[in-house]
Amino acid sequence: MVTSRTVTWEVFESRGYETAWAEFGEGSLRARGRAVGVAPEPYWISYELETGDDFVTRRLAVTAESGSGTRTLDLAHDGHGRWAADGQPLPELDGALDCDLGLCPLTNAMPVLRHGLHRAPGEREFVMAWVSVPELSLRPSSQTYTHLERTDTGGRVRFASGDFRSDLLFDEDGLVVDYPSLARRLTAEGPGSGSGSGSGSGSGSGQV
(Lines give C-alpha, C1' and ligand atoms only; values in the text may rest on other atoms or scores of the structure.)
Protein backbone atom coordinates (compact mmCIF):
# COMPACT_ATOMS: atom_id res chain seq x y z
CA MET A 1 0.00 0.00 0.00
CA VAL A 2 1.18 3.54 -0.76
CA THR A 3 0.46 6.35 1.69
CA SER A 4 0.19 9.80 0.14
CA ARG A 5 0.92 13.05 1.96
CA THR A 6 0.76 16.69 0.85
CA VAL A 7 2.46 19.16 3.18
CA THR A 8 3.43 22.83 3.05
CA TRP A 9 6.05 24.55 5.17
CA GLU A 10 6.84 28.18 5.78
CA VAL A 11 10.63 28.36 5.43
CA PHE A 12 11.90 31.20 7.59
CA GLU A 13 15.50 31.23 6.36
CA SER A 14 14.47 31.78 2.73
CA ARG A 15 11.42 33.89 3.71
CA GLY A 16 9.43 31.57 1.49
CA TYR A 17 7.37 28.40 1.27
CA GLU A 18 7.64 24.81 0.13
CA THR A 19 4.99 22.26 -0.79
CA ALA A 20 5.83 18.56 -1.15
CA TRP A 21 3.71 15.74 -2.54
CA ALA A 22 5.09 12.56 -1.02
CA GLU A 23 4.28 8.87 -1.43
CA PHE A 24 5.51 6.35 1.14
CA GLY A 25 5.88 2.69 0.25
CA GLU A 26 7.28 -0.09 2.40
CA GLY A 27 10.65 1.42 3.29
CA SER A 28 10.71 3.84 0.35
CA LEU A 29 9.77 7.41 -0.52
CA ARG A 30 8.95 9.21 -3.75
CA ALA A 31 8.25 12.93 -3.76
CA ARG A 32 8.02 16.03 -5.85
CA GLY A 33 8.16 19.54 -4.49
CA ARG A 34 7.99 23.22 -5.33
CA ALA A 35 9.54 26.04 -3.33
CA VAL A 36 9.82 29.80 -3.58
CA GLY A 37 12.02 32.11 -1.54
CA VAL A 38 13.50 35.60 -1.51
CA ALA A 39 16.73 34.96 0.44
CA PRO A 40 19.59 34.90 -0.36
CA GLU A 41 17.93 36.12 -3.59
CA PRO A 42 14.50 35.65 -5.15
CA TYR A 43 14.24 32.12 -6.56
CA TRP A 44 12.01 29.16 -7.18
CA ILE A 45 12.91 25.51 -7.29
CA SER A 46 11.24 22.29 -8.31
CA TYR A 47 12.50 18.84 -7.39
CA GLU A 48 11.79 15.14 -7.73
CA LEU A 49 13.15 12.66 -5.20
CA GLU A 50 13.23 8.87 -5.30
CA THR A 51 14.64 6.47 -2.74
CA GLY A 52 15.33 2.77 -2.92
CA ASP A 53 14.88 0.31 -0.09
CA ASP A 54 15.42 1.50 3.47
CA PHE A 55 14.92 5.12 2.37
CA VAL A 56 18.34 5.27 0.69
CA THR A 57 18.41 8.05 -1.92
CA ARG A 58 18.56 6.89 -5.52
CA ARG A 59 17.89 10.13 -7.42
CA LEU A 60 17.32 13.83 -6.82
CA ALA A 61 16.53 16.02 -9.83
CA VAL A 62 16.35 19.78 -9.15
CA THR A 63 15.68 22.86 -11.25
CA ALA A 64 16.36 26.31 -9.79
CA GLU A 65 15.58 29.67 -11.36
CA SER A 66 16.80 33.03 -10.08
CA GLY A 67 18.05 36.36 -11.43
CA SER A 68 21.32 34.70 -12.40
CA GLY A 69 19.58 32.17 -14.63
CA THR A 70 18.25 28.61 -14.61
CA ARG A 71 20.29 25.76 -13.18
CA THR A 72 19.59 22.04 -13.11
CA LEU A 73 21.05 19.13 -11.17
CA ASP A 74 20.54 15.41 -11.70
CA LEU A 75 22.05 13.70 -8.66
CA ALA A 76 22.16 9.90 -8.78
CA HIS A 77 23.21 7.29 -6.21
CA ASP A 78 23.96 3.67 -7.08
CA GLY A 79 22.60 2.34 -3.79
CA HIS A 80 26.08 1.36 -2.57
CA GLY A 81 27.55 4.73 -1.61
CA ARG A 82 28.72 6.07 -4.98
CA TRP A 83 27.29 9.27 -6.44
CA ALA A 84 27.25 11.12 -9.76
CA ALA A 85 25.98 14.56 -10.74
CA ASP A 86 24.81 14.96 -14.32
CA GLY A 87 26.69 11.76 -15.09
CA GLN A 88 30.01 12.88 -13.53
CA PRO A 89 31.35 10.80 -10.58
CA LEU A 90 31.53 12.49 -7.17
CA PRO A 91 34.13 10.51 -5.18
CA GLU A 92 34.04 13.11 -2.38
CA LEU A 93 30.55 11.82 -1.53
CA ASP A 94 31.49 8.13 -1.38
CA GLY A 95 29.73 6.38 1.47
CA ALA A 96 26.84 8.82 1.81
CA LEU A 97 23.36 7.28 1.65
CA ASP A 98 21.22 10.41 1.77
CA CYS A 99 20.82 13.69 -0.04
CA ASP A 100 20.04 16.90 1.84
CA LEU A 101 18.46 19.61 -0.30
CA GLY A 102 19.12 22.94 1.41
CA LEU A 103 16.07 24.71 2.88
CA CYS A 104 13.98 21.59 2.14
CA PRO A 105 12.36 20.04 5.25
CA LEU A 106 11.33 16.94 3.32
CA THR A 107 14.87 15.58 3.01
CA ASN A 108 15.28 15.39 6.78
CA ALA A 109 12.87 12.44 6.67
CA MET A 110 15.10 9.73 5.16
CA PRO A 111 17.74 9.23 7.90
CA VAL A 112 15.10 9.53 10.62
CA LEU A 113 12.83 6.96 8.99
CA ARG A 114 15.66 4.52 8.25
CA HIS A 115 16.59 4.29 11.92
CA GLY A 116 13.22 5.08 13.52
CA LEU A 117 14.74 8.00 15.40
CA HIS A 118 11.38 9.77 15.77
CA ARG A 119 10.03 6.73 17.61
CA ALA A 120 12.82 5.13 19.65
CA PRO A 121 16.06 6.10 21.43
CA GLY A 122 19.23 6.29 19.39
CA GLU A 123 21.89 8.55 17.90
CA ARG A 124 23.30 8.25 14.39
CA GLU A 125 26.01 10.07 12.48
CA PHE A 126 25.67 10.56 8.73
CA VAL A 127 27.49 12.02 5.76
CA MET A 128 25.00 13.68 3.44
CA ALA A 129 25.20 14.79 -0.17
CA TRP A 130 24.24 18.39 0.60
CA VAL A 131 22.83 20.59 -2.19
CA SER A 132 22.79 24.37 -1.74
CA VAL A 133 19.79 26.44 -2.84
CA PRO A 134 19.53 28.20 -5.21
CA GLU A 135 23.11 27.58 -6.46
CA LEU A 136 22.73 23.76 -6.57
CA SER A 137 26.35 23.28 -5.55
CA LEU A 138 27.30 20.00 -3.85
CA ARG A 139 29.46 19.07 -0.88
CA PRO A 140 29.59 16.38 1.83
CA SER A 141 27.97 17.38 5.11
CA SER A 142 28.51 15.58 8.43
CA GLN A 143 25.30 15.49 10.46
CA THR A 144 24.09 13.85 13.67
CA TYR A 145 20.50 12.94 14.53
CA THR A 146 19.62 12.11 18.16
CA HIS A 147 16.24 10.92 19.47
CA LEU A 148 15.05 13.15 22.32
CA GLU A 149 11.50 12.06 23.11
CA ARG A 150 8.32 10.48 21.85
CA THR A 151 5.29 12.72 21.46
CA ASP A 152 1.61 11.95 21.03
CA THR A 153 1.92 12.39 17.27
CA GLY A 154 5.56 11.49 16.51
CA GLY A 155 8.81 12.45 18.14
CA ARG A 156 11.48 15.07 18.71
CA VAL A 157 14.96 14.64 17.24
CA ARG A 158 18.05 16.83 17.70
CA PHE A 159 19.84 17.76 14.48
CA ALA A 160 23.49 18.79 14.72
CA SER A 161 25.98 19.83 12.05
CA GLY A 162 29.15 21.68 13.01
CA ASP A 163 28.20 24.31 15.60
CA PHE A 164 24.52 24.28 14.57
CA ARG A 165 21.89 22.55 16.72
CA SER A 166 18.12 22.37 16.42
CA ASP A 167 15.46 20.16 18.02
CA LEU A 168 13.09 19.06 15.24
CA LEU A 169 9.53 17.86 15.77
CA PHE A 170 8.50 15.00 13.43
CA ASP A 171 5.09 13.43 12.89
CA GLU A 172 4.44 9.68 12.96
CA ASP A 173 5.33 9.39 9.23
CA GLY A 174 8.73 10.99 9.80
CA LEU A 175 7.91 14.36 8.23
CA VAL A 176 9.04 17.63 9.82
CA VAL A 177 6.36 19.53 11.71
CA ASP A 178 8.57 22.18 13.27
CA TYR A 179 12.24 23.01 12.62
CA PRO A 180 12.88 25.90 15.04
CA SER A 181 14.24 29.04 13.37
CA LEU A 182 14.13 27.41 9.93
CA ALA A 183 10.72 25.99 8.96
CA ARG A 184 7.25 25.17 10.26
CA ARG A 185 4.46 23.17 8.66
CA LEU A 186 1.44 25.25 7.65
CA THR A 187 -1.21 23.14 6.02
CA ALA A 188 -3.93 21.04 7.52
CA GLU A 189 -4.25 18.16 5.09
CA GLY A 190 -7.60 17.44 3.52
CA PRO A 191 -9.45 14.13 3.11
CA GLY A 192 -7.40 11.46 1.35
CA SER A 193 -4.05 13.15 1.91
CA GLY A 194 -3.36 12.43 5.56
CA SER A 195 -1.34 9.73 7.25
CA GLY A 196 -2.67 6.25 6.62
CA SER A 197 -4.70 7.07 3.50
CA GLY A 198 -4.18 4.61 0.71
CA SER A 199 -3.36 5.53 -2.87
CA GLY A 200 -2.87 3.35 -5.88
CA SER A 201 -0.45 5.71 -7.61
CA GLY A 202 2.99 5.14 -7.56
CA SER A 203 12.06 14.13 -0.01
CA GLY A 204 25.89 22.32 7.60
CA SER A 205 24.92 25.18 9.55
CA GLY A 206 21.41 26.38 9.10
CA GLN A 207 20.65 23.42 6.84
CA VAL A 208 17.14 22.06 6.42
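The values are calculated or read from the model by the stated rules, or taken from the named source; none is laboratory data. Here the structure is a predicted model, which means the values were calculated and not measured. Using ideal geometry, Cβ is built from the backbone for each residue, glycine included, and neighbour counts are taken over all protein chains shown. Side chains included, ligands, DNA and RNA excluded: accessible areas come from the protein's heavy atoms. Shrake-Rupley method; radii C 1.70, N 1.55, O 1.52, S 1.80 Å.
Points worth noting:
- Computed over the chain, the per-residue total of -39500 (n - 2.57) for DSSP H runs of n ≥ 4 gives a 222 nm mean residue ellipticity of -1000 deg cm²/dmol, rounded to 500.
- The length gained by stretching the chain between Glu135 and Glu10 to full extension, at 0.36 nm per residue less their Cα-Cα distance, is 43.0 nm.
- Element breakdown for the chain at a 1.4 angstrom probe: carbon and sulfur atoms account for 48% of the accessible area.
- Between Asp86 and Thr151, the simple label model (points 7 Å from Cα in the Cβ direction) yields a spacing of 4.0 nm.
- Cα-based shape type of segment 5-74, given that a ≥ b ≥ c are square roots of the gyration tensor eigenvalues and the cut on a/c is 1.5: oblate
- Simple label model, 7 Å out from Cα along Cβ direction - Tyr17 to Ser142, nm: 3.9 nm
- Using only side-chain charges placed at the Cβ, +1 for Lys and Arg and -1 for Asp and Glu, the dipole size of the chain relative to its Cα centre rounds to 180 debye.
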